[in-house]
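Q: Take this structure first; my questions come after.
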Amino acid sequence: MSNPMKQHGAFSWNELLTTDLDGAKSFYSQMFSWNFEDINNEMPYTLAKVNGKESAGMMTMPPEAAGMPPMWGGYVTVDDVEASATLAEELGGKILVEARDIPSVGRFCVISDPQGAMLTIITYSEDCDE
């Protein structure tokens, strides 16, 4: 992929997990003049846009994140999700969400570093134009 944000090691996406999606939309639209596009792949998802360009995603807290506070999380591009998850474990990290596919986007998993900081790693599919 020629997009520099889709290169191994680059932060490529930001995502809000929230307990109040409508409240978050109201806050961020007023705070940053964001516009939103609701999509529904396997679950409802909202794209936040700046000047018509996608800049982040927002979603209601999924069941596996129950009990966690609302938070923004970053995605880092990797060449191979499974290999990177294995490496994270070898380096003392943990796999928090096993690798899974996002239709038409790619494959991701959630890891934590040895200190407990969470991060999502992702390999984008060839047809993903982001």
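Q: Among W13, F32, M58, whose Cα sits farthest toward the positive end of the charge dipole of the range 1-124 (+1 at Cβ of Lys/Arg, -1 at Cβ of Asp/Glu, about the Cα centre)?
A: Most positive-ward Cα: F32.
Q: Describe numerically, in nm with one decimal, the distance between label points set 7 Å from Cα along Cα→Cβ at N35 and at I102.
A: In this crude spin-label approximation the distance works out to 2.1 nm.
Q: Taking the chain as a Gaussian network, where each spring joins two C-alpha atoms under 10 Å apart, which residue of S55, S104, S12 fluctuates the most?
A: Sorting by GNM fluctuation, first place goes to S104.
Q: Follow-up. Counting Lys and Arg as +1 and Asp and Glu as -1, what is the net charge of the other residues whose Cβ lies under 13 Å from the Cβ of E37?
A: Charge balance in the 13 Å sphere: +1.
Q: If you average the sequence gap of Cα pairs under 8 Å that are 6 or more apart and divide by the length of the range 21-130, what percent do you get for the contact order?
A: Contact order relative to length: 18 percent.
Q: Give me the compactness ratio for the chain, meaning the Cα radius of gyration over 2.2 N^0.38 Å.
A: Dividing the Cα Rg of the chain by 2.2 N^0.38 Å gives 1.07.
Q: Right, another one. Which residue, I95, I111, I39, tops the fluctuation ranking in a GNM of the chain built on C-alpha contacts under 10 Å?
A: Of the options given, I39 has the highest mean-square fluctuation.
Q: Among 29-37, 78-86, what's the highest-first ranking by average C-beta atoms within 10 angstrom per residue?
A: Most protected by this proxy first, the peptides run 78-86, 29-37.
Q: Pick out which of G67, G106, G93 has the largest mean-square fluctuation in a Gaussian network model of the chain, springs linking Cα atoms closer than 10 Å.
A: G67
Q: Among A48, V97, C109, whose Cα lies farthest out toward the positive end of the dipole of the chain, if unit charges sit on the beta carbon of Lys, Arg (+1) and Asp, Glu (-1)?
A: The residue sitting farthest along the positive end of the dipole is A48.
Q: If you wrap a convex hull around the Cα atoms of the range 8-84, how much volume per residue is inside, in Å³?
A: Hull volume normalised by residue count: 121 Å³.
Where a number appears in this text, it was derived from the coordinates with a stated rule and is not lab data. Predicted, not measured: the structure shown is a model, and the values here were computed from it. Because the Cβ atoms are built from the backbone with ideal geometry, glycine has one as well, and the counts that use them run over all protein chains shown.
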